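The values are calculated or read from the model by the stated rules, or taken from the named source; none is laboratory data. Not measured: the values here are computed from a predicted model. Methodologically, a virtual Cβ is constructed for each residue, glycine included, from the backbone with ideal geometry; neighbour enumeration extends over all protein chains shown. Side chains included, ligands, DNA and RNA excluded: accessible areas come from the protein's heavy atoms. Shrake-Rupley method; radii C 1.70, N 1.55, O 1.52, S 1.80 Å.
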Amino acid sequence: MSEENTIQISDDVNEIVSHNSRDPHHAHNGKQISLVLLSPNGTYIVTYSEDDKSIEGWIVDNSKLILDSQVNVPEESKNIFMIKVNDSKIVCFLCKRNHEVCIEIFQISNEHRPFKLNPKLKKWQPTIFFQKNGNLVINTSFKILIYSPHDEINDELILMSSCEISNNKGNFIDEDNNVWAISSNYLFHWDLETSRLKFSYSLGFMATHSKTNNKLTVMSKGNYILVKHYDEIAIFSKGVHFPIRNIRLINSDMKIELCEVQNNVYLLAFNSPEKYTINIIYDITDIYDRTDIYDITDTNKQPVDASRIFNDENSENDSKNKFILCEYNSGSKKAFGLVDGKISCINLSDLNWHDFYESHKGEDDFICWNNYLCQTAFEKNYCNDTLAFPDMESIRSLFSKEHKNIQQINFDNQKYKWRISRTTNKLLVYTNEKVKLCSINIFKKQNSSKFQELKWKILNNNALALLDNKTIKIFEYNNNKEMIFLIEIISSIIEDERCLAKYGPTLLPNLIKSSDPELTRYIKDIYNKCMKLVKEDPKRNLKFLNIITSSMNDLHKKYPDHITKFNSEMFMLLDPFNEKIDDNDYSHFYPFCQEIKIVIFQLFLIFQRDQSKQRKQQIVLIVPYIDYCYYPFEYSGWKEIFYPQSSVFTDTCKKEFYTNWNGEAIINFKWNTFGRIYYFVIWLLFMVFLVCFTVASYPTLSITRDVRINLYQTSIAFGFFHIIFELRQFIWNPKKYFSSIWNLFDISAYLSVTITSIYYIKNDVTVVTPEWALLISCLLLDLKFLLFFKIFESFGVYFAIIFGVAKRVFSFLVVLAIIILSFAHAFFLLLHPEKLLDSLKAQNPNDSNNPWTLSNTYNQTDENGKILNETLIQVPDENTNLFYSYSTSLLATYLFLTGSQNSFSPWSPDPTSIGNTILFILMAVFSFLIVIYLMNLFIGLLNMAIEKDNDRASYLVQKAEVIAEIELFYLLPHQRRWKTWFPEVIYYTVEVEKARKYIREAIIKGEWKMDDWPEMKHKILKLLSIEDVIIDLAV
């Protein structure tokens, strides 16, 4: 141990005094101490002796421990296994009484006042601790209760707030009332006051324990968050979803503390004798000697043995070589522990953790080092703290008028200096010995006036920020003796995993929208970087996929090849924490999530899963569309009414996203969670609407006018209800609204019924409602009722074919319609009578197209059958010559298309008539071109279109559009932010046999491409035992 890092413990550091008549050296009647508990702010300590069955209080005064009062534990409460204390001397402990867990609370004073909980706590096995403000937190596996100790009149601790948490494997609440809970693979962070999820993190390990909560600890220091669950530790940067480091401790009972010095944060992990609360046997063994310090950011650095801080092996003083660390307060830098069963305190205010760690990091050779790290060793990447944690306050201060021009900049606690050369326009880095390390040009041309405008600021990570006019330039100096100028900020973000996780979802869509080739070239880099990270370690880096999925809609529009590649690479993705076959009773293709509910809310139990199903072999897959259903948490309630924020899911209801199981799993999850409930309620409301109007419009005298009015009024009410939702959809996106044929059916049905109902009510009994209005309304309502069946697959596939084919051949139908209109126009010009209006009233023998001329004639006969000279002419009507107007000419042409030639029958072939010759030429051309050629071509196009839409993907897109409409316009804004309904990650189980069949079909179709993430595909094939013969067919 180097001399400058030796911790000298003076004799007065451990001084124990008393302000009462009892001898502090004979606390607990001279018996050994079993437990040492420190208050949250480090101002008070309680000790417990199992041998004496007593609790002592100690006041922490600088480095002195002042003995307070003693409390004898009642005989019935002596089986104590957890004690906590706050700075107000309120002690809470758990004990077992008559095989039940009881909570005892009292305040150490002359009277030792007991406290009660209001309301009382049920018989649970909770975890207890005090916050720094004195509040008592009691949490179980599914509930967190916060009691305030401020009602001293009634000696009660009043319940301030509580929350219920389900489906979790551990929960915790910190000083700022942030709720933390873990599922099998994720850590969730809520704000207790708003019950809003702030962020979620990938643990990097699988949490399997769930019965006790005292094994979960969450703490933060600076920009770092530390999570301890049993013997697993995950360390995160704030706002970055993956752990920057995972550590596995030797045992789960080790305590942890974060120590910060000079922007460096270290983890202190030490064994505590708490687990020996019952039948304690004091023996200084290795299990007490484990005290280690970790550099939480650098996985290449080994932990350092910190026991030498508290014990000097060369000292003959027992107080310096038998110290057992029990508590450490990072704020006051005091360590509390036991020496031969007696309380002791060490003041470490003079200890520099950074210097101690750096001076001893090479001395210790830990045999079990590989057991400490959950991940294998890897080459350390450069981490850009300037981008990961931007010091915006310092950067903004550059624009103030307080800064002056500079020539030399000195870093605090660093062994180099910055210097700007006026002659060479260079920024240089020197050591204290004036040895030049590196340099870089800061101005393209020499310009002394530039130096007058320079302003500078040292950022929180010792980077240099220069303000040149209105341009900020940031420089860093790294250990590779290179100066990094962050002008290539995009490359820096892509290279740094933390920056990519933080800024990637914002950077990628902006790059996609850009038309600058210098920027768009980074799209491929971001895609490849994300995929590489996921493939290397899916447990840690799975959430990098959200950078890609958050821009799915933009990528589909401008770079569809990336979507195709993504779907191929992520064709099937095994749950990295569960890469095995399990026996489950879930149904095939059962989707679920690991999101934790902060409030227990059970609804519509009729839809819950049947637990009595036969167990089958299944595997668990993950939908790679991470955050696909995400809605921004920041929203305006009023704006959401007409302009709700969309999600990637609602923007990408396209066939490309539903060609495999991944898209189908999303649809099934949403449908099972909330879609079917809302859909059936909407259908029920429509049925009331339909029945009311149908009955009201039924032509019978048995329904009185008053009853009809009531039915029509009900129809109007329901009509306006549906119209409001249609209006919201129109305002949200008018173009998208009218491009959907479903919306046209909906609005037509609702408007026609509502207007007809209003017309009936507004007019008296003498005014009859037009029958055409009733029949159109009823027809549209009936068709709308039929369209509700599109959600069921047996019906929906046909609806998808019908409307999908219609969209595909729409342009052909337009061409066909124009040709028919052209022929109708030609027939009208050729066959119309000369006097269009009077042709039915007056004969015109000179007009061959006059209805009287074309009308049938009949000759009279006498009794002998002889034809008389008198001729009878049938009175013509509108059907005699359908070509008297353009509209009737169009009707006649359509009838001719369907095979009816009655409209052309009045004209007989006449070689001498040029008009008749032209007529029959037109008829021949029309018959061949339209009836024979184009109609047969149309049938062929229909067959081709049906082949393209005759698949499940078209049906799933149709179902996705229905669910998207429910999400945006029927769910309330806060419901769209429920993480249990809109999770980040969706899992689904599939039966092994059906998975084999699905993969075989995909291989035969060429959809299973082995070159796209071959490691994952080989792993799935091996797990499912797919035959080599089938594998050889894969592309």
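Sorted by accessible area (1.4 Å probe), largest first, how do M531, M82, M944 line up? Don't skip to the answer; put the middle values down first.
Working: M531 5, M82 25, M944 115 Å².
Accessible-area ranking of M531, M82, M944, largest first: M944, M82, M531.
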- Note on the structure: The set of residues whose placed amide H lies less than 5 Å from the amide H of R113, leaving out same-chain residues fewer than 5 positions away, is Q107
- Message: Let me check something: with ligands and nucleic acids excluded, how do Y970, Y884, Y858 order by accessible area (1.4 Å probe), largest to smallest?
- Response: Y858, Y884, Y970
- Query: Along segment 892-908, what does the Karplus equation 6.51 cos²θ - 1.76 cosθ + 1.60 (θ = phi - 60°) give for ³J(HN,Hα), rounded to whole Hz, x for Gly and Pro?
  - Reply: 4, 5, 5, 4, 5, 5, 7, x, 8, 10, 4, 5, 9, 5, x, 9, 9
- Note to self: with every protein chain in place and a 1.4 Å probe, segment 652-715 gives an accessible area per residue in Å² of 42
- If we count every other residue with Cβ under 14 angstrom of S748's Cβ, Lys/Arg +1 and Asp/Glu -1, where does the sum land? -2
- Message: So if the hydrodynamic radius of segment 824-927 is defined as the Kirkwood radius over C-alpha pairs, what does Stokes-Einstein give as its diffusion coefficient at 4 °C and 1.567 mPa s, in µm² per second?
- Response: 87
- With every protein chain in place, segment 674-807: carbon and sulfur % of accessible area (1.4 Å): 74
- Task: May I ask you to evaluate 6.51 cos²θ - 1.76 cosθ + 1.60, the Karplus curve with θ = phi - 60°, for each residue of segment 560-566 and list the ³J(HN,Hα) values in order in whole Hz, giving x for glycine and proline?
- Result: x, 4, 5, 5, 4, 5, 4
- Note on the structure: Rounded to a whole %, the carbon-and-sulfur portion of the accessible area of segment 20-167 at a 1.4 Å probe is 45
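Counting heavy atoms of the protein chains only and a 1.4 Å probe, report the per residue accessible area for segment 860-1005 as a whole number of Å². List each step's numbers first, then the result.
Working: 7760 Å² over 146 residues.
On a per-residue basis, 53 Å².
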- Query: Where the only charges are on Cβ atoms (+1 Lys, Arg; -1 Asp, Glu), what is the dipole of segment 824-927 about its Cα centre, to the nearest 20 debye?
  - Reply: 260
- Note on the structure: Ordering E793, E634 by the accessible surface of their heavy atoms, 1.4 Å probe, largest first, yields E634, E793
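Quick one: Kirkwood hydrodynamic radius for segment 20-167, alpha-carbon pairs, angstrom, one decimal?
Values: mean 1/r = 0.0628 Å⁻¹.
Here the Kirkwood hydrodynamic radius works out to 15.9 Å.
How high is the FRET efficiency from T564 to L829, r the C-beta distance, R0 60 Å, rounded to 0.05?
Working: r = 53 Å, r/R0 = 0.89.
The value I calculate is 0.65.
Give, as a single signed number, the net charge of other residues whose beta carbon lies under 13 Å from the beta carbon of Q729, with Lys and Arg counted +1 and Asp and Glu -1. Before the final figure, lay out the partial values.
On the way: positive: R728, K735, K736; negative: E726, D746, E961, E965, E967.
Every neighbour counted, the sum reads -2.
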- Three-way shape call for segment 666-782 based on the alpha-carbon gyration tensor, with the a/c threshold at 1.5: prolate
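Which whole-number value in Å² is the accessible area per residue of segment 20-167, probe 1.4 Å?
On the way: 6650 Å² over 148 residues.
Each residue of segment 20-167 exposes 45 Å² on average to a 1.4 Å probe.
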- Under 5 Å, built H, 5+ apart or other chain: amide partners of M82: L94
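Accessible area of segment 824-927 with a 1.4 Å probe: how many percent of it is carbon plus sulfur?
Numbers: 3660 of 6650 Å².
Within segment 824-927, the accessible surface is 55 percent carbon and sulfur.
Assuming R0 = 60 Å, can you tell me the calculated FRET efficiency for the pair I914 and F725, based on Cβ-Cβ distance, to the nearest 0.05?
That gives a FRET efficiency of 0.45.
Sort largest first and round to whole Å: the equivalent ellipsoid semi-axes of segment 610-670, each the square root of five times a Cα gyration tensor eigenvalue.
On the way: eigenvalues 192, 52, 21 Å².
They are 31, 16, 10 Å, listed from largest to smallest.
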- Message: Taking θ = phi - 60°, what integer Hz values does the Karplus form 6.51 cos²θ - 1.76 cosθ + 1.60 yield along segment 522-539, in sequence order, with x for Gly and Pro?
- Response: 7, 4, 5, 5, 5, 4, 5, 5, 4, 5, 5, 4, 5, 5, 5, 8, x, 4
- Task: Among L956, V925, I939, pick out the residue whose Cα is farthest towards the positive end of the charge dipole of segment 903-1002, where Lys and Arg carry +1 and Asp and Glu carry -1 on C-beta, about the Cα centre.
- Result: L956
- Message: Once you place label points 7 Å from the Cα toward the Cβ at S162 and E878, how far apart are they in nm?
- Response: 7.8
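Please get the size of the charge dipole for segment 674-807, origin at its Cα centre, with Cβ charges of +1 on Lys and Arg and -1 on Asp and Glu, quoted in debye to the nearest 20. Please report the intermediate quantities before stating the final value.
Details: 10 positive and 7 negative charges, 78 e Å.
Computed charge dipole of segment 674-807: roughly 380 debye.
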- Item | Alpha-carbon spread of segment 158-208, three principal axes, descending order, Å | 37, 19, 17
- Query: What figure in square angstrom, to the nearest 10, would you give for the accessible area of K529 with a 1.4 Å probe?
  - Reply: 40
- Message: Using protein chains only and a probe of 1.4 angstrom, how many square angstrom of S1025 are accessible, to the nearest 10?
- Response: 80
- With all protein chains in place and a 1.4 Å probe, K948 shows an accessible area in Å² (nearest 10) of 110
